[in-house]
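*Asks:* The structure under discussion is supplied below as structure tokens; questions concerning it will follow.
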Amino acid sequence: MEQPDCLQVNNLTFSVGDKMLLNGLSFEVVSGKKVALLGLNGAGKSCLIRTLTGEFKAEKGEISFQSLRPTEKAFKDKLGYQASGMLALPNLSCREYLTFCCSLKSSLSGDNQHHYIELVSEQWNLTENMDIPLTKLSQGNLQKLFVAQAFLGNPEYIILDEPSQALDPIEQQRFIDNLNKLSYFRLCLFSSHHVNEAVRAADSVMMLHHGRLIAILDLHSSDEFWLVTKLSEAEILELFSEDSNISVYPQSIKNLVKFEQIDIAQWQLLVKRLSDVDPSMVELGCGENALMPMFALLANEDI
């Protein structure tokens with residue numbers, strides 16, 4: 001059976017001077033999935049995004065989508081990208097700005113540029129602003145425009161950096177609704193500070209902390225459970241040696257542990273066994289319910 005297209009990242013490392021901003025990240029994202037990058041300020045979200053899009057060159061590791069590298073033109077033609085802190089080009093209207101963005105994609109000729117410009121303007125509620133200069137737009141409408149241009153030409157691979165910043169609650173909901181509709185057959189990865197947004201818009205969450213990928217959570221899973229313990233990785237694996245579906249994510253203070261393919265009764269037995277050995281163990285829960293307590297542990301530097 002043919003395998004779905006996917007973004008593959010292996011041992012990605014990036015430093016500035018003696019500071020390591022990305023530390024050996026490895027993961028895979030399958031087309032048709034929406035993945036949120038979540039983490040505190042300085043976790044490495046924007047650095048990862050700029051490396052995935054080819055804006056930064058990794059000092060170590062590999063990135064590929066459909067066997068293409070970020071430096072290849074064919075890769076960039078498949079990419080829709082909204083960067084954080086994009087600048088408004090002076091003297092251009094929304095329509096002129098989107099036309100300019102179309103000109104940067106070889107896949108968008110003059111014949112179909114008008115179609116895609118009209119399409120994204122309707123999808124992102126920009127129709128009434130199309131002939132207004134960018135310098136006259138509100139921050140919210142400007143942000144919508146920057147997000148909209150990422151969808152020009154139906155790209156297969158969409159990366160958005162803090163896409164909902166400056167959006168009011170109505171437009172935040174539009175963003176979530178559009179992401180759910182427009183990314184159905186695409187690979188979509190977006191960064192966020194907001195747990196609630198990640199839960200409402202994503203299928204899974206990659207949690208970053210100090211440049212490391214500390215956890216990947218399936219938000220819709222009913223058989224994936226998480227906990228945090230002070231036991232070492234060796235102690236955990238010895239205690240649960242008969243459980244093959246266990247993953248340990250070592251942290252600086254405590255360790256995150258994921259159990260997969262178990263039901264709630266099995267989970268309760270595993271928690272009881274671990275709490276007898278480590279009474280300070282914290283049960284995080286399953287799927288999206290594990291996300292907020294895990295994020296709180298990061299915020300308190302408690303793992």
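Every number here is computed from the coordinates shown, using simple stated rules; none is lab data. Predicted, not measured: the structure shown is a model, and the values here were computed from it. Quick reminder, even Gly has a Cβ in these numbers, built from the backbone with ideal geometry, and neighbours come from all protein chains shown.
*Asks:* What do you get for the angle between helix 110-123 and the principal long axis of the chain? Use alpha-carbon atoms, 0 to 90 degrees, nearest ten.
*Replies:* Approximately 60 degrees, to the nearest 10.
*Asks:* For the stretch 266-276, what does the Karplus curve 6.51 cos²θ - 1.76 cosθ + 1.60, with θ = phi - 60°, yield as ³J(HN,Hα) per residue in whole Hz, taken in order and with x for Gly and Pro?
*Replies:* 4, 4, 4, 5, 5, 4, 4, 4, 6, 5, 5
*Asks:* Using modelled amide H (1.01 Å from N, peptide plane; none on Pro or chain starts), what sits under 5 Å from the amide H of Phe56, excluding residues fewer than 5 places away?
*Replies:* It is Thr51, by chain and number.
*Asks:* Let me ask you something else. Please give the Cα centre distance for the stretch 179-239 versus the stretch 74-119, rounded to the nearest Å.
*Replies:* So the two Cα centres are separated by 31 Å.
*Asks:* Ok, one more. Evaluate E = 1/(1 + (r/R0)^6) for Leu104 and Asp131, where r is the Cβ-Cβ distance and R0 equals 22 Å; express this FRET efficiency to the nearest 0.05. Kindly include the intermediate steps, with their values, before the conclusion.
*Replies:* Details: r = 21 Å, r/R0 = 0.97.
The computed FRET efficiency comes out at 0.55.
*Asks:* Given 4 °C and 1.567 mPa s, compute D for the stretch 20-76 with the Stokes-Einstein relation, Rh being the Kirkwood radius over Cα pairs; round to the nearest whole µm²/s.
*Replies:* Values: Rh = 12.5 Å.
For the chosen part, D equals 103 µm²/s.
*Asks:* With θ set to phi - 60°, apply the Karplus curve 6.51 cos²θ - 1.76 cosθ + 1.60 along the stretch 59-72 and write out the HN-Hα couplings as whole Hz, x wherever there is a Gly or Pro.
*Replies:* 7, 7, x, 10, 10, 8, 9, 6, 6, 9, 9, x, 7, 7
*Asks:* Hey, another quick one. Given the convex hull of the Cα atoms of the stretch 1-141, what is a quarter of its surface area in nm²?
*Replies:* Result: 11.1 nm².
*Asks:* Can you compute 3J(HN,Hα) from phi for each residue in the stretch 252-260, using the Karplus curve 6.51 cos²θ - 1.76 cosθ + 1.60 with θ = phi - 60°, rounded to whole Hz and x for Gly and Pro?
*Replies:* Rounded to whole hertz, the list is 6, 10, 10, 10, 7, 10, 10, 10, 10.
*Asks:* How many nm separate the modelled label positions at Asp223 and His193, each set 7 Å beyond the Cα in the direction of the Cβ?
*Replies:* Placing both labels 7 Å beyond Cα along the Cβ direction yields 3.9 nm.
*Asks:* Can I ask one more? Could you calculate the FRET efficiency of Glu122 with Glu72 from 1/(1 + (r/R0)^6), where r is the beta carbon distance between them and R0 is 35 Å, rounded to 0.05? Numbers along the way, then the final one.
*Replies:* On the way: r = 32 Å, r/R0 = 0.91.
Calculated transfer efficiency: 0.65.
*Asks:* Distance check, please: which entries in Lys60/Lys254; Lys45/Lys272; Lys19/Lys60; Lys105/Lys144 exceed 25 angstrom between their Cα atoms? Each step should come with its number before you reach the end.
*Replies:* Numbers: Lys60/Lys254 28 Å; Lys45/Lys272 36 Å; Lys19/Lys60 14 Å; Lys105/Lys144 20 Å.
With Cα atoms farther than 25 Å apart: Lys60/Lys254; Lys45/Lys272.
*Asks:* Report the per residue volume, in Å³, of the convex hull enclosing the C-alpha atoms of the stretch 221-299. All intermediate terms of the calculation are to be shown ahead of the outcome.
*Replies:* On the way: hull volume 6.4 nm³, N = 79.
That works out to 81 Å³ per residue.
*Asks:* So, one more: Modelled label-to-label distance, Ser275 and Glu62, 7 Å Cα→beta-carbon offset: nm?
*Replies:* Label-label distance for Ser275 and Glu62, simple model: 4.5 nm.
*Asks:* Right, something else. From the C-alpha coordinates alone, can you work out the Kirkwood hydrodynamic radius of the stretch 82-166, in Å? Intermediate values should be presented prior to the final figure.
*Replies:* Numbers: mean 1/r = 0.0779 Å⁻¹.
That comes to 12.8 Å for the stretch 82-166.
*Asks:* List the equivalent ellipsoid semi-axes of the stretch 125-212 in whole Å, largest first, each obtained as the square root of 5λ for an eigenvalue λ of the Cα gyration tensor.
*Replies:* On the way: eigenvalues 111, 48, 30 Å².
So the equivalent ellipsoid measures 24, 15, 12 Å along its semi-axes.
*Asks:* Using amide H atoms built 1.01 Å from N in the peptide plane, name the residues 5+ places from Gly80, or on other chains, whose amide H lies under 5 Å from its own.
*Replies:* Tyr157, Ile158, Ile159
*Asks:* Still on this structure, I have one more. Given the chain, what whole percent of its Cα pairs are spread farther than 35 Å? Display every interim value, and only then the final one.
*Replies:* On the way: 11516 of 45753 pairs.
Tail fraction, whole percent: 25.
*Asks:* Kindly state, to the nearest 0.05, the FRET efficiency for Met86 paired with Ala296, given R0 = 41 Å and r defined as their beta-carbon distance.
*Replies:* On the way: r = 31 Å, r/R0 = 0.76.
Once rounded, the FRET efficiency stands at 0.85.
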